[in-house]
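Reading through the structure tokens given below for one structure.
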Amino acid sequence: MQLIGQYDSPFVRRVGIALTLYELPFEHLPWAGFGDVDRIARVNPLRRVPTLVMDDGQVLVDSAAILDCLDDMVGPGRALIAATGPDRREALRVCALAAGVADKAVSLVYEGAFRDAPAEIWVSRCRAQVLETLALLDRQRAERPAEGWFGPGLTHADVMLATMLRFVSEALPAAVAFVDYPALAAHSAHCEALPVFKTVSQPFSLTPPKP
Ligand SMILES: N[C@@H](CCC(=O)N[C@@H](CS)C(=O)NCC(=O)O)C(=O)O
């Protein structure tokens, strides 16, 4: 398999972390979303990362769909999510909220980078979506065990939360103060100290130099 995209994307990183934890062999192609867009477009006309090229040539897009396929490959005993029931629903809920925050943070980054005058109506809407969803997640994270949303075992919810938090803290340092979200800050620190988070990692950069 080939994973296309850089690990400064919270979505690419969550897939890279799952592939690594699942010990599935893959080649990482750290193509930049903008600098390498022509290469990405030849594989995926949607021009988004993560893009996962399967061994049979099938091309998968969207981190949630990709993880669903990887979970299916490793089976319910190893998947980083409960197979069924309330814990699965809760994990999907947290993943969707955290991914939604990441989506809105990406929108804010693009708005600042690609417009001379960012549209204030869009910026204030995205900011409210980011900040108020972080506040909700912080309150709920505080009620959960210290090690992870469901206890000691890492889940997709823990990973998406952590990759989103790292992205938001690096891409929007002026807009988001982690001191306002102590439970999320602790979650981020705990995850980023784990070996897989250190290995599958890249500091945020909108237009990194080509390798
Ligand atoms: N829902 C998608 C979001 C992926 C996404 O937003 N990727 C960004 C990089 S962080 C991207 O490719 N942006 C370029 C574009 O959308 O044209 C997922 O979970 O994979």
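Laboratory data are not the source of any read-out in this text; all were calculated from the coordinates shown. Small disclaimer: the values here were computed from a predicted structure and weren't measured. Cβ placement follows ideal geometry from the backbone for every residue including glycine, while neighbour counts extend to all protein chains displayed.
Remark on the range 33-83: hydrodynamic radius 12.1 angstrom, per the Kirkwood mean of 1/r across alpha carbon pairs. Along the range 170-175 the Karplus relation, 6.51 cos²θ - 1.76 cosθ + 1.60 evaluated at θ = phi - 60°, assigns HN-Hα couplings of 8, 7, 10, x, 7, 8 Hz to successive residues, with x for each Gly and Pro.
Binning the alpha carbon pair distances of the range 115-166 at 5 angstrom intervals from zero yields the distribution 4, 17, 21, 21, 12, 10, 7, 5, 3, 0, expressed in whole percent. Kirkwood hydrodynamic radius computed over the chain comes to 17.6 Å, based on all pairs of distinct alpha carbons.
For the options Thr84, Thr20, Thr155, a Gaussian network treatment of the chain with springs between C-alpha atoms closer than 10 Å singles out Thr84 as fluctuating the most. Packing-based ranking of 98-104, 198-204 yields 98-104, 198-204, ordered from highest to lowest mean Cβ neighbour count within 10 Å. Where only DSSP H runs of four or more residues are counted, the chain gives -17500 deg cm²/dmol as its mean residue ellipticity at 222 nm, each run worth -39500 (n - 2.57).
Look at the alpha carbon pairs under 8 Å that are at least 6 residues apart: their mean separation over the length of the chain gives a relative contact order of 26 percent.
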